[in-house]
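Following: one structure in structure tokens, then a few remarks.
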Amino acid sequence: DQDEETSNTSESPESVSLADASAEKATQGSDTDLEVEDPEKAFVGITGTELYLEACRLMEVVPVSHFIQNLAKPYINLNHYGLGPKGVKAIAIALVSNATVTHLELEDNCILAEGAICIAEMLRENSSLQELNISNNHLDTAGAEAIASLLLDNMSYLHTLQLSGGLWLQLAGRSHCLCTFVSLQGNYQVKELDLSHNEFYEKGGQLLGQMLASNTTLEILDLSWNHLRRQGTVALGTGLRSNSALKILNLSWNGVGNEGALALGEALKVNTVLVHLDISNNQINNEGAKKLCRGLEVNGKLKILKMANNPLTTEGATALVTSVRKNPKSMMEEINISNVLVNETFIKLLDLVCQTHPELDVIYGEVEGCIAKIPKQHPNPMKVIQNYLKEHNLRLWDFFRNIDKDGNMKIPVAAFQRAMMQQSSIPLDRVQIGELVRKLDRNRTGVVDY
């Protein structure tokens, strides 16, 4: 208590500099909260921890011990810490010149517009932070525009940015906040962007389509739960036609419908980079699936298509698999229609297609009639392999090494499925190989690490 009393009555030069900076900010709008009159002189010899503690004192907030303990590490997770705008401001001050933290999590901290502005100011100076999560923080119009301006000016080193939920709270400010899209047109840093749960509606989809038409850097984009609907998705499809960078696109829960599916199908006819498309839960029926198939029949790049929880039947499922069969250039590895009840005719078609596309894995629901009759029993695939190796005096290691051409002990699932389907010495069918893959890649990493 005596030390604290002394510090209050006799402030250090560093404290005065920060206090003066804050006061100057209040009277001169052109300066930022994170600036000081002479940073080199004011902060010479001060460690990151000392700077943070001093900032907390000035902001009148309780220091976060977890932040202090991890300042010298590349990853800091402060999600759900209740920091508020002042707490985030203290953290921003401490990170201005930090050279070790590369990934910062700040989700659900109610940082508001004030905190977002401080984060944006810090990012203009920090040259180490590459991944940032500020989702669900009620940034409002001013905060969103501060982040958008940062992206527009290409002033940060961020390549991953999560802004899920809480960006736009007021209808009146939503149009201003959509400038985030426009700001990405000329951004050449951000490669992964999460804008899910932000209620952009069709207008947002239209602006995003314009952005995709000219952006040459963004590779992963999550737009799930944004009410993009038909017009938004049509505009998005138009942008995808000329896009040359985006590899993963999540459009689940957007009310895309059949017209949206048509627009995406047309885009897939000419798009040569997209490898993963998620359009789950989008009210796409058999008619929409057939329209999407127009693109799948000629696309030579898409590998993963997620369409679960759409009102499809065996008819739509058959159209999807047939599109792969018709396309000699198809690279499709996974089609997820896990809610669809299929029939024996579909299963026969799938077995036939997998002979020419052995890497294809279709995740469907139940097969009609299997409840009424005893399903076909398949021998444990690993037991089959072990028995074969025992008979031929081989080791399991030798078996995997024969498939692993690169010798790095990791085999992509698609390559593993292809090798297993094409070999003739071990009698395994498509279902057994699928079961084997699920056992060897339990976490769905896409790689069999033997």
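The values are calculated or read from the model by the stated rules, or taken from the named source; none is laboratory data. Keep in mind that this is a model prediction, so the values were computed, not measured. FYI the Cβ positions are ideal-geometry reconstructions off the backbone, even for glycines, and counts take in every protein chain you see. Please note that ligands, DNA and RNA were not included when accessible areas were found on the heavy atoms of the full protein model with its side chains. Shrake-Rupley method; radii C 1.70, N 1.55, O 1.52, S 1.80 Å.
The residues in the range 259-295 that are over 19 Å from PRO311 (Cα atoms), assigned to a helix (DSSP H, G or I) and within 22 Å of the chain's Cα centre (by Cα) can be counted, and the count is 2.
How many of the residues in the range 409-427 are outside any helix (DSSP H, G or I) and among the polar types (S, T, N, Q)?
Keep residues of the range 409-427 that are outside any helix (DSSP H, G or I), which gives 409-412, 423-427.
Restricting the remaining residues to those that are among the polar types (S, T, N, Q) gives 423-425.
Of the residues in that region, 3 qualify.
Among the residues of the range 220-231, those that are crowded, with 16+ Cβ neighbours inside 10 Å and not polar (S, T, N, Q) comprise ILE220, LEU221, ASP222, LEU223, TRP225, LEU228, ARG229, ARG230.
For the range 430-450, the candidate set comprises residues that are under 21 Å from LEU349 (Cβ atoms) and open to solvent by 50 Å² or more (accessible area, probe 1.4 Å); within that set, the residue that is nearest to the chain's Cα centre (by Cα) is GLU435. With respect to (1) of a type in the set (Lys, Arg); (2) within 20 Å of the chain's Cα centre (by Cα); (3) modelled with pLDDT under 95, the lone exception for LYS247 is condition (3). Taking only the range 194-226 into account, find how many residues are of a type in the set (Gly, Ala, Ser), in a helix (DSSP H, G or I) and either over 18 Å from VAL273 (Cα atoms) or modelled with pLDDT of 95 or more (or both). Of the residues in the range 194-226, 2 are of a type in the set (Gly, Ala, Ser), in a helix (DSSP H, G or I) and either over 18 Å from VAL273 (Cα atoms) or modelled with pLDDT of 95 or more (or both). Among the residues of the range 64-81, those identified as open to solvent by 60 Å² or more (accessible area, probe 1.4 Å) and part of a loop (DSSP other than H, G, I, E, B) are ALA72, LYS73, PRO74, HIS80, TYR81.
Table: residues versus (1) surrounded by fewer than 21 Cβ atoms within 10 Å (Cβ to Cβ); (2) assigned to a helix (DSSP H, G or I); (3) out of contact with any helix residue (DSSP H, G or I) (no Cβ under 6 Å at 6 or more places or on another chain).
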| residue | (1), (2), (3) |
| --- | --- |
| ASN310 | no, no, yes |
| GLY316 | no, yes, no |
| VAL321 | no, yes, no |
| PRO328 | yes, no, yes |
| MET332 | no, no, no |
| ILE335 | no, no, no |
| CYS354 | no, yes, no |
| PRO358 | yes, no, no |
| GLY369 | yes, no, yes |
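Taking ARG241, is it in contact with a helix residue (DSSP H, G or I) (Cβ under 7 Å, 6 or more places away or on another chain), crowded, with 17+ Cβ neighbours inside 10 Å and touching a residue at least 12 places away in the same chain (Cβ under 8 Å)?
On the way: in contact with a helix residue (DSSP H, G or I) (Cβ under 7 Å, 6 or more places away or on another chain): yes; crowded, with 17+ Cβ neighbours inside 10 Å: no; touching a residue at least 12 places away in the same chain (Cβ under 8 Å): yes.
It is false that ARG241 is in contact with a helix residue (DSSP H, G or I) (Cβ under 7 Å, 6 or more places away or on another chain), crowded, with 17+ Cβ neighbours inside 10 Å and touching a residue at least 12 places away in the same chain (Cβ under 8 Å).
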